[in-house]
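One structure is given below, encoded as C-alpha cells.
The values are calculated or read from the model by the stated rules, or taken from the named source; none is laboratory data. This is a predicted model, so every value here is computed, not measured. Every residue, glycine as well, gets a Cβ built from its backbone with ideal geometry; the counts of neighbours run over all protein chains shown.
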There are 2 protein chains.
Amino acid sequence: MSKILRINTRTREYRFEEMGKYAGLGGRALTSRVVLDEVPATCHPLSAANKLVMAGGILAGSTAANSGRTSVGAKSPLTGGIKESNVGGQFAHKLPRLGLLAIIFEDKPEAGAPFVNVLVKKDSVEFLDASDIAGKPNYAAHDLVKARYGEKVVTAMIGPAGEQCLMASTIQFSDPDGRPSRSAGRGGMGAVMGSKKIKAVILDPEAKEAVDMADPEKFKVARKRWVDILMGHPVTSQGLPTYGTAILVNIINEVGALPTKNFRFGRFDGASKISGEAMTETIKARKGQYKHGCHTGCVIQCSQVYNDKDGNYLTTGFEYETIWGFGANLLIDDLDDIAMMDRLCDEAGMDTIEMANTIAMSMEGGVIPWGDSKAAIGLLKKVGTADPLGRILGNGTVFTAQAFGVDRVPVVKRQALPAYDPRTIKGVGVTYATTPMGADHTAGYAVCQNVLKVGGDVPAMGKEGQIEISKNLQVATAAVDSLGLCLFVAFAVLDTPDALQVIADLVTSATGKLTTIDDIVNIGVNALKDELAFNAAAGFTSKDDQLPDFFKTEPLPPHNTTWDFSTEELQAAKV
Amino acid sequence: MSKILRINTRTREYRFEEMGKYAGLGGRALTSRVVLDEVPATCHPLSAANKLVMAGGILAGSTAANSGRTSVGAKSPLTGGIKESNVGGQFAHKLPRLGLLAIIFEDKPEAGAPFVNVLVKKDSVEFLDASDIAGKPNYAAHDLVKARYGEKVVTAMIGPAGEQCLMASTIQFSDPDGRPSRSAGRGGMGAVMGSKKIKAVILDPEAKEAVDMADPEKFKVARKRWVDILMGHPVTSQGLPTYGTAILVNIINEVGALPTKNFRFGRFDGASKISGEAMTETIKARKGQYKHGCHTGCVIQCSQVYNDKDGNYLTTGFEYETIWGFGANLLIDDLDDIAMMDRLCDEAGMDTIEMANTIAMSMEGGVIPWGDSKAAIGLLKKVGTADPLGRILGNGTVFTAQAFGVDRVPVVKRQALPAYDPRTIKGVGVTYATTPMGADHTAGYAVCQNVLKVGGDVPAMGKEGQIEISKNLQVATAAVDSLGLCLFVAFAVLDTPDALQVIADLVTSATGKLTTIDDIVNIGVNALKDELAFNAAAGFTSKDDQLPDFFKTEPLPPHNTTWDFSTEELQAAKV
C-alpha cells in the first residue's frame, strides 16, 4: 500500500503515513485535497503555513502507458489560489518504488537557513548540505547531484529563480536521460519550494520495491488495449511523435489565433520558420531526436532533442507554447534563439509561458525592442542573478507590466495566457477564464473541438457550445491529472468509444477497487470542487473568472473577433 | 455655480460642464461617484478607461476654517479598488476661483507621447510642453513651473515615480509657500496621472472669480462659531499646532502600539529621539517653524518647517506616520535622516507610509540592514531613476516583498498599514480591514476613542465597541472628506455638542440648500456605499476585509495581544 511521506522542513521531522482520509485519491485530486484540507486559504504563499505536495497519480507505478505524470500542489504565489502544476519526468514512476504516492513538505526554516537537498529513501529521509549547489543553474546543479548521489537519481529541483522565490519559477523534474528538463511550470511552485529552502528532492536510485497490480491478468488485458488506443489515433501516433506539439504553429496560425505581438494579431509572418515542420527538419539535419518520451512508459513520444548549429545538445521538451511565446508573440522567428530561451528557462527554472509574456511586457514597456531575440536572451539571463531587473522579470507578467507601466496585460487570475487567442478560439477562452488555475490551456483544451475536430466539432469563433465543451474538458482533465495520465491521451480517448471503459478497467485492475466510468468522471468533478472551494476561501469570486478588458474591446485580425462572454455566462462552465 | 472641467488627455478636447447628475456632491462623495459611474470596475488602472478626478469639497472656496482639502479619485493601481486620496494645499481653494469644483481627466495619450503641463484658465485649457520638466524631482520641477507660469501658480504635480507609473507614487499639491509639499499619497494616484502623461496641472494664478455664499450673514455666524469650536479643543488648538501629528510618537509608544521592526514589537527604544517633543525642540533650535498651515484658511496649523543642521529648509508636513514608518518600524532613531527620507518622498513623489513599509520589506529581505538610515536613504534615491531596483521599491510593499521573497507583509487590499498596531489598538484595525480604501488610518481614526479618549472611551485592546466606533468614524470621515474639511476637525467635533449643527449651518448658508445633520451623515453613508459598490464590481469580497494572518498568530509585545476579529464579525463595520 502506498504511503504519504510528510516532512517538516524546519524541524526536519518526517513521518511515513498511511493514506488515511486521502485513500483512493491520487495526482491532482490528492494534491488539491491536501491543499484544501491543510493550507489556510488566506496564508501568504511563501509562509510556513503553505505546503508543497508532490504526488503520483492513481495509476502511478503501473505499467499502463503514459501513466507517469506528477502533480505538484500548493497555494500559488502567482495567482493566490490553489495550484496543481502537472509535469512529466521520472518522479512519479520512482515514488511507488519507495512505497510512496506523495510527499508533503510543511513549514519553513528560519530566515537565512541554507538550502538543503532532501534525499528520500525507503524508510528514511536525509537532509544534505546543498550550499555548493545552491545558486547554480539546473543543468550544472543536476550534474553535481548525479556525481554525488548516483547517475540514476530521480530529482525534483529548483533553479536560481526558485531559490529567489520568484513567481514565475518552476520545479524541474529529471527526465529519462537524467536531465532536469521537465517543468512543473505554472504558478510559481518553485518559489514555494524555495521558501522551504529545498534545492532538490532526490529519490533514492536504489529503490526498487515491486509495484503489484491487484489483478495482474485483467490489468495486462486493459494495458494492451490502452496502448492500441493510443497508437490507433493519428494525433498520438503520428502528429505528436513527428512534429511534437509544435505541429500547432502552422495550424493555429492558419486558424488566425496565433497571438502575435502581445495578442495584437492572430497571424505571424514568420510562422513557417518556427513551425513544427521546420523544427523537425532542423532536428534531423543536426542529428537530434524528434521522437522522445519524457517519462518511462510514454508511447506518444512528443518530446525531442534539439541540437544547436554545431550538433550539440541545446534543449528538449521544446513545446508549441514556448515557441509561440518567445516567437510569434515577440515577433521573433529565429528557432535557434527560441530554443536558447527555452534552455535558459530550464536553467534558471522559469515557466516559459509566463516568461514569454513577461518579455512581451518588457517590449511593450520599451525595455527592449520588439523582435530583438538577442536582447530577449539577455533579459532571461538576468533572472536568478543579483540584478534587480532579474527579480522583476522572474516575478512574471503582471509584475513586469507594473514595473514598466504597461496596461495591456494578458492574464487571468494573474497568470499569463498561453498560445491560443481566446477571441478566435473561444472554447479555450472559456477555460482560461473559469479554471481555478488561472489562464491555462491544459485545464480544458477546447482546441480539440474548436480546431482539431477531435471529440466533436464546435466552431471556434462562435459562442455556441463553448461553455459545455470547456466544462466537460475541465472535468476530464482533472480526472486525467488525478490518474497520473498524460493529458495527450485525451486526443485518442475523445475519439475512441471504449477508451473510458479501458481506463476504468486499468484503475480497477491496478487498485482492486471496482471503478466505473462514472467514478472516473467523479474524480475530476471532485478535484475541481475542491479547487473551487479553496479559491472561494481565498477570496476569489465570479469577478475573477474573466479575461482582461482589452480582449473585449480590441478586435483580433484577421477575423476581427472579440471576446464576448459575460462573467455571468461563464459561471456555467464551473462544476 | 461651480462646474466640472472634463479633459480628454488623448484628443486634448475639453468641456466645462454643469454639475448635472453630480449636483450637490463634493470632495470624496463626488470623486467616488464619478469613478463608480464612469470607470469600468474591471479596467486596468493604467489604461485609458480609468479616470483621474480632482475635486474640492462642498465647502470649497468658502472662508470656513479648514475647508480647503482636495479629493483625488480613480481606480487605484495599488489596491485595484476605488481610491479617494485626500490632500491639503491650495488647489481646492483656487478651483472655485476658476468657477470649478472638479476636473476629470479621461483617456490617455498614445504610447511614447511626451509629458505635458495642463494649464487651466477660467474658460480654456492649454496643453504645454513639459519635456524639459519631466524627469525632474518635484521641488526643482516646481521651481521651473513657477518661473514659467508665475510665482503664485497652484499646482498638482507628479514626480519621477508618478512618471514611471509606480504604485506608491503620489500627486504633490502646492502649499501656501509655493512648495510641492502636500501629498495625495495613498493608492498610487501619481501613477494614474503619469499614465495620462500629465506632469503638472496648473491653475491660472490670475483667476480670482468671487465665490459667493448663498446666505452671507448666516454663513458669517456659523463660520465664527466654527472657528471657536476648533480653537476650543486642546488637540486642535494646542497639541497639533505645537508638536504636529508627531505628538503621537510618545503617546502610541506608551500605549505599546508603535509598530517596530516591521510590526514585531509595540514599543521602540528610540521613540523619545523621534518624538514630537524632540522635533519641535529641534525646529526651534534651527529657527524653523512649528506652527504652519498646509492650506489657506487652516486654523489648526499642524504642519511645520523642519530645517537641517545648517538651518536650511529640509521638509514640511513631517507627519507622525512618516516618522513612525522611517523610524521605529525600521529601527531608525535619527530624526534628521527621517526628515531627509520625507523630503526624498516628496521629491520623487512617493507615499511615505507605503515607502516606509517598502523599506521594511527590503530590510526583511536582506537588501539592507535593519536600522541603517543611510542605506535606506540610498534606496529611496533610486526610485524614479533608471535603476530597476527603484522600479521595485517604487511599486510599494507587496511588490518589494515579493521581489525579495518576504512573507510578513503588513497590508490590507495590497495597501500598507499605517502607524498603529491593530493588535493593540483594535478599533483602527477594524478600519484597516473594512474601509474600501485598503489599510488607512484616516478612513476611520478609532485612535480617538481607543487612545486619545476623544469622542468616547473604548478600551483599545478589547473587542467590545470597536466595530461600532469604526463604522461611525468611517461614515463621519467620508462626510468630512466630502465637505472638503480637514479630518483633524473631527477631534473638536466629536467633543463639541453643537459642532455637527454648525457644520450643517455652514453648508446650508454656503450652498443655499437646507442641510440637516442627517443630510451630512448621509453624504458619508452614500460615499461609502458608492465605494463599496465599485469594489464589489471590481471583485472584492468580505475575504478582502481582513488583516494578514501574521497579526492573528504573532502576539505583539508588550501586551502580547493578537488580532482576533473574524472576517464575518468585521462585516458589521461596513455601511
Complete set of residues in region A:149-196 that are aromatic (Phe, Trp, Tyr) and outside any strand (DSSP E or B): A:TYR149
Condition (residue is over 24 Å from A:VAL87 (Cα atoms), in a helix (DSSP H, G or I) and modelled with pLDDT of 95 or more) applied to region A:485-504: is it met by at least one residue? yes
Any residue at all in region A:308-315 that's touching a residue at least 12 places away in the same chain (Cβ under 8 Å) and within 19 Å of the chain's Cα centre (by Cα)? yes
Please verify whether region B:408-420 includes one or more residues that are within 9 Å of chain A (Cβ to nearest Cβ), free of Cβ contacts under 8 Å to residues at least 24 places away in the same chain and in contact with a helix residue (DSSP H, G or I) (Cβ under 9 Å, 6 or more places away or on another chain). no
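Test A:VAL249 against the criterion of being under 22 Å from the mean Cα position of the chain (by Cα) and crowded, with 22+ Cβ neighbours inside 10 Å, and give yes or no.
On the way: under 22 Å from the mean Cα position of the chain (by Cα): yes; crowded, with 22+ Cβ neighbours inside 10 Å: yes.
So A:VAL249 fits the description; yes.
Is it true that some residue in region B:430-451 is assigned to a helix (DSSP H, G or I), within 14 Å of another protein chain (Cβ to nearest Cβ) and either more than 17 Å from B:SER566 (Cα to Cα) or more than 15 Å from the chain's Cα centre (by Cα) (or both)? Break it down stepwise before answering.
Of the residues in region B:430-451, the ones assigned to a helix (DSSP H, G or I) are B:430-434, B:441-443, B:447-451.
With the extra rule that they be within 14 Å of another protein chain (Cβ to nearest Cβ), the set shrinks to B:433.
Then keep just the ones that are either more than 17 Å from B:SER566 (Cα to Cα) or more than 15 Å from the chain's Cα centre (by Cα) (or both); that gives B:433.
Taking every residue of region B:430-451 in turn, at least one turns out to be assigned to a helix (DSSP H, G or I), within 14 Å of another protein chain (Cβ to nearest Cβ) and either more than 17 Å from B:SER566 (Cα to Cα) or more than 15 Å from the chain's Cα centre (by Cα) (or both).
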Within region A:109-126, tally of residues that are at pLDDT 95 or above and in contact with a Leu (Cβ under 8 Å, 6 or more places away or on another chain): 8
Please indicate, with yes or no, whether at least one residue in region A:9-21 is buried (at least 22 other Cβ atoms within 10 Å of the Cβ) and either assigned to a strand (DSSP E or B) or modelled with pLDDT of 95 or more (or both). yes
Within region A:218-234, work out how many residues are free of Cβ contacts under 8 Å to residues at least 40 places away in the same chain and not basic (Lys, Arg). 2
Testing B:GLY384 on (1) of a type outside the set (A, V, I, L, M); (2) within 14 Å of B:CYS345 (Cβ to Cβ); (3) not in a loop (DSSP other than H, G, I, E, B), one condition comes back false. Which one is that? (3)
Can you report the number of residues in region B:533-560 which are within 11 Å of another protein chain (Cβ to nearest Cβ) and not in a loop (DSSP other than H, G, I, E, B)? 10
The residue from B:SER509, B:SER566 that alone is of a type in the set (Gly, Ala, Ser), over 26 Å from the mean Cα position of the chain (by Cα), at pLDDT 95 or above and crowded, with 16+ Cβ neighbours inside 10 Å is B:SER509
Go through region A:88-141 and give me each residue that's in contact with a Phe, Trp or Tyr (Cβ under 6 Å, 6 or more places away or on another chain), closer than 21 Å to A:THR63 by Cα and outside any loop (DSSP other than H, G, I, E, B). A:PHE91
Test result for A:THR42, more than 26 Å from A:ALA490 (Cα to Cα) and among the polar types (S, T, N, Q): yes
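Among the candidates A:SER32, A:SER2, A:SER71, A:SER76, single out the residue that is within 14 Å of another protein chain (Cβ to nearest Cβ), touching a helix residue (DSSP H, G or I) at 6+ places or on another chain (Cβ under 8 Å) and in contact (Cβ under 8 Å) with a residue 12 or more places away in the chain.
Details: A:SER32 fails: within 14 Å of another protein chain (Cβ to nearest Cβ); A:SER2 fails: within 14 Å of another protein chain (Cβ to nearest Cβ); A:SER71 fails: within 14 Å of another protein chain (Cβ to nearest Cβ).
Within the list A:SER32, A:SER2, A:SER71, A:SER76, the selection yields A:SER76.
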List every residue pair whose Cβ atoms lie under 7 Å apart, where the two residues are 6 or more positions apart in sequence or sit on different chains, the first residue falls within region B:386-401 and is more than 21 Å from B:ALA134 (Cβ to Cβ) and facing another protein chain (nearest Cβ under 10 Å), and the second residue, located anywhere, is among the charged types (D, E, K, R) and not in a loop (DSSP other than H, G, I, E, B). B:LEU389/B:LYS382; B:ILE392/A:ARG391; B:GLY396/B:GLU354
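Which of the following residues is farther than 22 Å from A:VAL430 by Cα, touching a helix residue (DSSP H, G or I) at 6+ places or on another chain (Cβ under 6 Å) and not β-branched (Val, Ile, Thr): A:LEU487, A:LEU500?
A:LEU500
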Number of positions in region A:273-299 that are over 14 Å from A:ASP336 (Cα atoms) and either of a type outside the set (D, E, K, R) or touching a residue at least 60 places away in the same chain (Cβ under 8 Å) (or both): 10
Which residues, taken from region B:323-345, are surrounded by fewer than 24 Cβ atoms within 10 Å (Cβ to Cβ) and of a type in the set (D, E, K, R)? B:ASP333, B:ASP334, B:ASP336, B:ASP337, B:ARG343
Count - residues of region A:292-303 that are in contact with a strand residue (DSSP E or B) (Cβ under 6 Å, 6 or more places away or on another chain) and either more than 15 Å from A:SER237 (Cα to Cα) or in a loop (DSSP other than H, G, I, E, B) (or both): 2
